[in-house]
Amino acid sequence: MRVLLVEDEMLLRAQVDKYLRDAGFVVDMASNGEKGLYFGLEFDYDVAVIDLGLPKMNGIDLISELRKQNRAFPILILTARRDWQDKVTGLEVGADDYLTKPFHLEELKARLDALIRRAAGYASPVVEKGPLSLDLGAKEARLHGDPLELTAFEYRVLEYLAMNPARVVSKAELTEHLYEQDFDRDSNVIEVFIGRLRRKLDPDGTLKPIRTIRGAGYRFSL
Amino acid sequence: MATTAIALCLFLLATGWIWERLFTTSVRASAEEQMLIVARGLVDATRKDADPAALGRTYVSEAGPRERAPGPSILLPDELGEPRLSRPNSGLYAYIETADGSLAWRSPSMTITSVAAVPNPRPPPGDSRFHKIEIDGTEPRFLLGYTVILEELEDLELTFWVLNDQAPFSAEIREFRRSLVAGVIAATLLLIVLQLGTLRWGLRPLRRMAERVRGLHAGQRGDIGEDYPAELAQLARTLNRFVAHELESRERYRRAMGDLAHSLKTPLAVLKNALTTPDRPDKTLFDDQLDRMEATVSRQLSRAAAMPPVLPHEPVPVTPLLERLCRALDKAYAEKHVDVDVRAGDVRVRADERDVMDVLGNLLENAYKYSHSKVRVAAGKDNRHATRAFGRKSSAPREEAIGLDAIAARSNPCEVVQIVIEDDGDGIPESAKQYVFERGARADTAHSGHGIGLASAVELASAYGGTVELADSDLGGARVILKMPA
C-alpha cells in the first residue's frame with residue numbers, strides 16, 4: 001500500500017515513515033502543504049496522513065484541493081488535542097478520520113488499515129470463498145481453517161489485489177504501490193509472486209482467487 | 001473649544017447687527033410717524049383755519065403778498081401746533097403744494113436761504129410717502145409727502161410736505177451703536193469666560209479618569225474608581241470590568257503555567273532516572289509517565305487558554321454545533337455504526353463558539369468511543385441555579401467563587417443551558433470518577449485519553465462559569481451533564 005505522509009515536524013515524520021515502512025507500506029513524505037498537493041496529484045495513493053498545522057498551505061486547504069481534483073483516497077488527519085473546530089472542518093472538507101497528537105503508532109497503522117478496507121468496500125475484515133478465507137484485519141490467509149505461510153511481500157500483493165476488488169490491476173500499478181521508488185523493477189518479479197501466491201492459495205486450481213486478464217493485469221475475485 | 005468660542009462670537013456679532021438694523025428701522029419709523037403727525041396737524045389747521053375767502057386771491061410769503069398765483073393760496077395762523085415750524089432754521093420745515101405743483105404755503109421756519117422745496121413725485125390722495133434726501137452740500141434730511149382732498153375747500157387737492165433734519169436721529173443711532181458694540185464685546189468676553197469655566201469644571205471628572213488610567217498603566221492602581229457623574233459612571237464600570245478581567249485572565253494563566261511546570265517536574269525526573277539505571281527501560285513506566293505529562297499539559301493548557309470575554313458573549317446556537325460534531329464523529333467512527341439520537345431545541349450558550357465546540361467535541365468523542373452502539377444527546381434550558389456537583393478540590397477556592405460570580409455577572413443566573421450526553425458503554429466506575437477529574441489520568445486503560453478529554457472539557461466549561469457532572473445513564477453507560485450560562 002502506498003501512503004502519502006504530509007507532516008512538517010521532522011522527527012515525527014521520520015518516526016512515522018520508519019514505522020509504516022517496516023509495516024510494509026510504501027511511503028512518500030512531504031514537509032509542507034504545497035509539496036503534499038504536488039505528490040497527491042502526481043501519484044496514486046491508497047491512503048494519506050495529513051497534519052492540519054502545515055506551512056505553505058494548511059491541511060484543510062490541502063484536503064479540500066485534493067478532493068476538488070477528484071483524489072478519492074482516504075485521508076487521516078493529525079491534529080492537536082484542543083482543535084475541534086479544525087477537526088470537524090477537516091472532516092467536512094473530505095477527510096475520513098482523525099487522530100490526535102500524541103498518538104500511538106500502532107493506532108495510526110490500525111486506522112490506516114481500517115480506512116483502506118473501508119474504501120475498498122469491506123464492511124467486515126474477513127473475505128471468504130469456499131475453504132479460502134482472508135482476514136484483512138489480522139493480515140492472514142487461511143485455507144480450510146489452517147493459516148497459510150505467506151511471505152510479507154506475498155501477503156502485500158494479495159492485500160493490494162483484495163483492496164481493489166472491482167477492477168483489473170496492472171503489473172505497473174502493483175509495482176508502484178508495493179515498491180519503493182528506487183527499486184530496480186523487473187516486471188517478471190510480480191509474475192513470480194503471483195504464481196507463488198496462486199499455488200499457496202489455490203493448490204487445486206479450483207478457486208482461482210486471482211484471475212489474469214491478458215495484456216492488462218490481474219483481478220481479485222474472491 | 002475654540003470652535004465653540006468662534007461660533008459664539010459670530011453669533012453675538014450677528015445678533016448685534018440685527019439689533020442695529022432693528023434700531024435704525026425703528027428710528028426711521030419713528031421719524032416718519034412724527035412727521036406724519038406734523039403733516040396731519042397742518043391738514044387740520046388748513047381745514048379749520050384756512051380762510052375760504054382768501055382762497056384764490058393772495059399768495060402769501062414772508063416777503064409779503066405777491067402777485068396773484070394761478071391756484072388757491074392758503075392762509076394759516078402764525079401759531080401752529082408744532083413750534084419748530086415757526087422758528088426759522090429749526091430743522092423742521094413744511095410746505096403745501098397744489099395739484100398743479102405750485103407752492104401754496106410754506107412754514108415760517110422755511111426761509112428761502114435755508115431750504116428750498118425739493119420737487120418730488122406727489123403721493124396719491126390719502127397716501128403718504130417717506131424719503132431720505134441727500135443733496136451735496138446740504139444736510140441729509142427726511143421728507144414726507146401727504147396728499148389730501150379737502151371737501152371744505154371745494155375738493156381741493158393738496159400735498160403737505162414735511163422736511164426734517166436727520167442730524168438728531170443719526171446722533172441717536174450713533175449713540176445706540178456705541179452702546180451696542182460695548183455690550184456685545186462685554187457679552188462675548190463674559191460668555192468666553194463662562195465657557196472656559198464650564199468646560200474646565202465639566203471636564204474635571206474626565207481629567208480625573210484620565211489621570212487614574214495613567215495610574216493603571218503605571219501599575220499604581222488596580223481600577224479607576226467609581227466616583228464619577230452619571231454620564232461617566234457606566235464607562236467607568238465597564239473599564240473597571242475590563243481591567244479586572246485582564247487581571248483575572250493573567251492570574252489564571254500564570255497559575256496554569258505554574259501548575260504545569262510543577263506537575264511536569266515529577267514525571268520528567270522519574271523518566272530521567274529510569275534512563276540512568278542499567279536495566280532496560282520499563283515500557284509501562286514510560287507510558288504511564290508520558291501519559292501523566294500529556295494529561296497535565298492538556299489540562300493546564302485548557303485552563304490557561306480559555307479566555308471568556310468581559311462583556312457577555314453573543315449567544316451561540318448549540319444545535320448546529322452538535323450536528324456538525326455528530327456528523328464528523330459518525331465519519332470517524334463509521335465502522336462502529338453508532339446510533340446517535342440528538343434532541344435539541346433552539347438553545348444558545350453565551351460563550352466563544354470555538355470553546356463550546358471543544359467542550360462538546362471532547363464529551364461527544366468520549367461517548368462515541370465508549371459506547372457499544374448507542375449515544376443519546378439532549379439539550380435544553382435548565383431553569384434552576386447551576387449547582388456544582390463536582391468541585392475541583394485541587395483548584396483554589398477563589399476560582400470557584402469567580403465561576404459562580406461569573407454566571408451572576410454575565411447572565412441571568414436562572415438561565416442555564418443543560419446538555420446531557422449518554423452512551424450505552426460500560427460507564428465510568430464510581431471510584432474512577434473523582435480520579436478522572438483530579439488527575440486526568442486514564443480511567444480505562446483500554447481506551448486512551450478518556451480522562452484527559454473530560455478534564456479539558458471541565459476546565460473550559462468552568463472558565464465560563466459552567467459545570468460538568470457525571471452520573472449513570474439508563475442506557476447502561478455514562479451520563480455526562482454539561483451546564484453552561486445561557
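Data table
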| read-out | value |
| --- | --- |
| Chain A: angle of helix A:187-201 to the longest principal axis, Cα-based, in degrees nearest 10 | 60 degrees |
| Dmax and Rg, reported as Rg then Dmax, of chain A (C-alpha, Å) | 18.1, 56 |
| Distance between modelled label sites at B:ILE18 and B:LEU216, nm, 7 Å Cα→Cβ extension | 4.5 nm |
| Net charge contributed by nearby residues that have their C-beta within less than 13 Å of B:GLY16 (K/R +1, D/E -1) | +2 |
| Alpha-carbon centroid distance for the pair region A:26-73 / region A:160-222, whole angstrom | 28 Å |
| Sequence-distant residues sharing a close amide H with B:TYR333 (under 5 Å, placed H) | none |
| Cβ-Cβ FRET estimate between B:ASP474 and B:MET257, R0 fixed at 45 Å, reported to 0.05 | 0.60 |
| Cut-off under 5 Å, modelled amide H: who pairs with A:VAL27 long-range | A:VAL3 |
| Cβ neighbours within 10 Å from other chains - mean over B:327-335 | 6 |
| For region A:102-115, Karplus couplings with θ = phi - 60° (6.51, -1.76, 1.60), whole Hz, Gly/Pro x | x, 10, 8, 4, 4, 5, 4, 4, 4, 5, 5, 4, 4, 5 |
| Per-residue HN-Hα couplings for region A:204-212 [Karplus 6.51, -1.76, 1.60; θ = phi - 60°; Hz; x = Gly/Pro] | 7, x, 8, 7, 6, x, 10, 9, 9 |
| Potential lengthening between B:ALA171 and B:ARG327 on full extension [0.36 nm per residue; Cα-Cα distance subtracted] | 46.4 nm |
| On Cα atoms only, tilt of A:152-163 relative to the major axis of chain A in degrees | 80 degrees |
| Sites B:ALA334 and A:LYS68, calculated FRET efficiency, Cβ-Cβ separation with R0 35 Å, nearest 0.05 | 0.95 |
| Where labels lie 7 Å past Cα in the beta-carbon direction, separation of A:VAL192 and B:ALA378 in nm | 6.7 nm |
| Listed peptides A:158-166, B:181-189 by packing density, highest first (mean Cβ within 10 Å) | A:158-166, B:181-189 |
| Gained length - B:THR25 relative to B:GLU314, 0.36 nm times residue gap less alpha-carbon distance | 97.4 nm |
| Table column - 3J(HN,Hα) (Hz), region B:194-207, Karplus curve with 6.51, -1.76, 1.60, x for Gly and Pro | 4, 4, 3, x, 4, 4, 4, 5, x, 7, 4, x, 5, 5 |
| Surface per residue (accessible, 1.4 Å probe) for chain A, Å² | 46 Å² |
| Reachable lysines, given that their alpha-carbon falls under 16 Å from the alpha-carbon of B:LYS381 and they are not under 8 places away in the same chain | B:LYS483 |
| Nitroxide proxy distance, nm - points 7 Å out along Cα→Cβ at A:ARG214 and A:ARG199 | 2.5 nm |
| Check: region A:141-222 dipole with +1 on Lys, Arg Cβ and -1 on Asp, Glu Cβ, in debye | 480 debye |
| Qualifying lysines (Cα of each under 26 Å from Cα of A:LYS35; at least 8 residues distant if same chain) | A:LYS18, A:LYS56, A:LYS68, A:LYS87, A:LYS101, A:LYS109 |
| Order by protection proxy (mean Cβ within 10 Å, highest first), peptides B:221-229, A:145-153 | B:221-229, A:145-153 |
| B:ALA7/B:VAL193 FRET efficiency (R0 22 Å; Cβ-Cβ; nearest 0.05) | 0.85 |
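The values are calculated or read from the model by the stated rules, or taken from the named source; none is laboratory data. These figures come from a predicted structure and were not determined experimentally. Using ideal geometry, Cβ is built from the backbone for each residue, glycine included, and neighbour counts are taken over all protein chains shown. Calculation scope for accessible area: heavy atoms of the full protein, side chains included, ligands and nucleic acids excluded. Shrake-Rupley method; radii C 1.70, N 1.55, O 1.52, S 1.80 Å.
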